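Read-outs: derived from the displayed coordinates by stated rules, not from any lab. The shown structure was predicted, so the numbers you read here are calculated from the model rather than taken from an experiment. Note that we place each Cβ from the backbone using ideal geometry, even for glycine, and neighbour counts take in every protein chain shown.
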Amino acid sequence: MRRASSYDERRCDETFAKLDEVASLAVEIILGLPGDDPETFRRNFERARRLPCALRVYRCVVLPSGLMVRSPPEHRLDYDPVSLKMISCTGWSEAALAAECRFLPRQASLQGGRAGAFFWTFPPPR
């Protein structure tokens, strides 16, 4: 039996609105996690851009001392041994991940954000 999700989008929006009154907020998401996929990532990205907060997107990396190195074989991790950037994994083909990595700097530029080698930042929506 599958447990119902406790996520309530309306409640989340209300909470962000209240927090926005008293603090600067940021949402952080990771691009290229095993089990995620391009459609889910893009949906989460668009949802985060509608919130009254900054957004930080980080590229998935496989750090030698991180949890990702103990990922089960079915995650099919393929990552660069020098930069440690994820190349492909379950849910992400190499082409799909590369496409999102081209999409994000364009969006950051259009939206007044910044792009780095491992991250993209976006200011709160105006």
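In table form, for the structure just shown:
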item: Relative exposure of CYS12, CYS89, CYS53, judged by other C-beta atoms within 10 Å (fewest first); result: CYS12, CYS53, CYS89
item: Estimated 222 nm signal from helices in the chain, with DSSP H stretches of n ≥ 4 weighted -39500 (n - 2.57), rounded to 500; result: -10500 deg cm²/dmol
item: Long-range HN-HN contacts of ALA54 with modeled amide H, under 5 Å; result: LEU25, ALA26, VAL27
item: Volume of the Cα convex hull of the chain, divided per residue and given in Å³; result: 138
item: Given 16 as the ceiling on other Cβ atoms within 10 Å, longest exposed-site-free region of the chain for chymotrypsin sites (Phe, Trp or Tyr not before Pro) in DSSP loops; result: 8-117
item: Charge dipole (debye, nearest 20) of the range 38-103; +1 at Cβ of Lys and Arg, -1 at Cβ of Asp and Glu; result: 380
item: Loop sites in the range 24-88: trypsin sites (Lys or Arg not before Pro), DSSP, at most 15 other Cβ within 10 Å; result: ARG76
item: Under 9 Å, Cβ to Cβ, from LEU31 - net charge with Lys/Arg +1 and Asp/Glu -1; result: -1
item: Fewest-first ranking of ASP8, ASP36, ASP13, using other Cβ atoms within 10 Å as the exposure measure; result: ASP8, ASP13, ASP36
item: Long-range amide H partners of SER93 with built H, under 5 Å; result: none
item: The chain - share of DSSP beta bridges that are antiparallel (%, nearest 5); result: 60
item: Neighbour-count ranking [beta-carbon atoms within 10 angstrom, fewest first] of THR15, THR90; result: THR15, THR90
item: Relative contact order of the chain, pairs being alpha-carbon contacts under 8 Å that are 6 or more residues apart, as %; result: 26
item: ASP20 versus GLU74: modelled label distance in nm, points set 7 Å from Cα along the beta carbon direction; result: 4.0
